[in-house]
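The values are calculated or read from the model by the stated rules, or taken from the named source; none is laboratory data. As the structure is a prediction and not an experimental result, all values here were calculated from the model. Neighbour counts run over all protein chains shown; Cβ positions are idealised from the backbone, glycine included. Side chains are part of the model used for accessible areas, which takes the heavy atoms of the whole protein and leaves out ligands, DNA and RNA. Shrake-Rupley method; radii C 1.70, N 1.55, O 1.52, S 1.80 Å.
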Amino acid sequence: MSGASETITAEEAVQLTEAELVERFAALPVANVGDAMDRLNVVDSGIQSVWPSAGIRMAGRAVPVTVAGGDNLGIHETIDSLQPGDVLVVNGQAATHRALIGELIAGRAMAQGCVGFVLDASVRDAVDLEQMRFPVFARGTTPAGPYRNGPFVGGVAAAVGTVVVHPGDLVLGDDDGVAIVPRGRAAEILVKAEAKHAAETQQRAEIGF
């Protein structure tokens, strides 16, 4: 997997805009970013891409919401406020008996500029989501639809797959899973992650693949 064209210095990293940070993180394997965070802030491996085939990539700004298990009222109430580059991150209580989103909600989110979902819950319409090229990471799939009664809490930190996600944190996903980069440490972590990726690229070249 190719990474950023060249590694960045600490001095350069702190000068990057949010969009530039996201772009550089998006070029890195999530595993390298996790390594750069001392293997912390990596979401529970039970939360994976729901696309039937490989090739998923996601990078954006976290918008966390906590909902009741099997209930998606909070998602509906949050969709219209999403901004371009946002990733909706949902604490669904790890409940898998109801799908909290499908292709219709994903389509609404895409129209707002949202770049993906991470749900500690189940979803449905996995094939449609892949055909839409809309990244979704979840604990599983089920055809069973959700309730829409509440309660929910938005605008504050939410725990998703054992990781606490704050509004504005960077959310990264690929075929290995999801990692959360604390916004205040993004520049520092980027430097380490790019260095890690560069070292592994050199190792692969030395091995011959």
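Things worth noting here:
- Within the range 107-116, the only residue that satisfies the criterion of being among the aliphatic types (A, V, I, L, M) and in a loop (DSSP other than H, G, I, E, B) is VAL115.
Here is a yes/no grid of residues against (1) within 20 Å of GLU23 (Cα to Cα); (2) of a type outside the set (Gly, Ala, Ser); (3) without any contact (Cβ under 8 Å) to a residue 40 or more places away in the chain:
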{"site": "ASP86", "(1), (2), (3)": "yes, yes, yes"}
{"site": "THR96", "(1), (2), (3)": "no, yes, no"}
{"site": "LEU104", "(1), (2), (3)": "no, yes, yes"}
{"site": "MET110", "(1), (2), (3)": "yes, yes, yes"}
{"site": "ASP120", "(1), (2), (3)": "no, yes, no"}
{"site": "ASP128", "(1), (2), (3)": "no, yes, yes"}
{"site": "VAL156", "(1), (2), (3)": "no, yes, no"}
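- Members of the range 166-181 found to be over 25 Å from GLU103 (Cβ atoms) and either surrounded by fewer than 19 Cβ atoms within 10 Å (Cβ to Cβ) or at pLDDT below 95 (or both), listed by number: HIS166, PRO167, GLY168
- Candidates in the range 67-96 are the residues that are in a helix (DSSP H, G or I) and within 24 Å of ARG133 (Cβ to Cβ); of these, the one that is farthest from the chain's Cα centre (by Cα) is HIS76.
- Residue count, the range 126-148 (criterion: closer than 23 Å to LEU172 by Cβ, open to solvent by 20 Å² or more (accessible area, probe 1.4 Å) and touching a Lys or Arg at 6+ places or on another chain (Cβ under 8 Å)): 1
- Considering the range 1-66, the qualifying helices (runs of 4 or more DSSP H), each wholly inside and each with 1 or more residues that are open to solvent by 50 Å² or more (accessible area, probe 1.4 Å) and among the aliphatic types (A, V, I, L, M), run over 10-13, 18-26.
- Residue within the range 1-16 that is modelled with pLDDT under 95 and within 26 Å of THR162 (Cβ to Cβ) present: yes
- The single residue among LEU119, LEU104 that is in a helix (DSSP H, G or I) and within 18 Å of LEU73 (Cα to Cα) turns out to be LEU104.
- Flag for VAL163 being surrounded by 24 or more Cβ atoms within 10 Å (Cβ to Cβ) and touching a strand residue (DSSP E or B) at 6+ places or on another chain (Cβ under 9 Å): no
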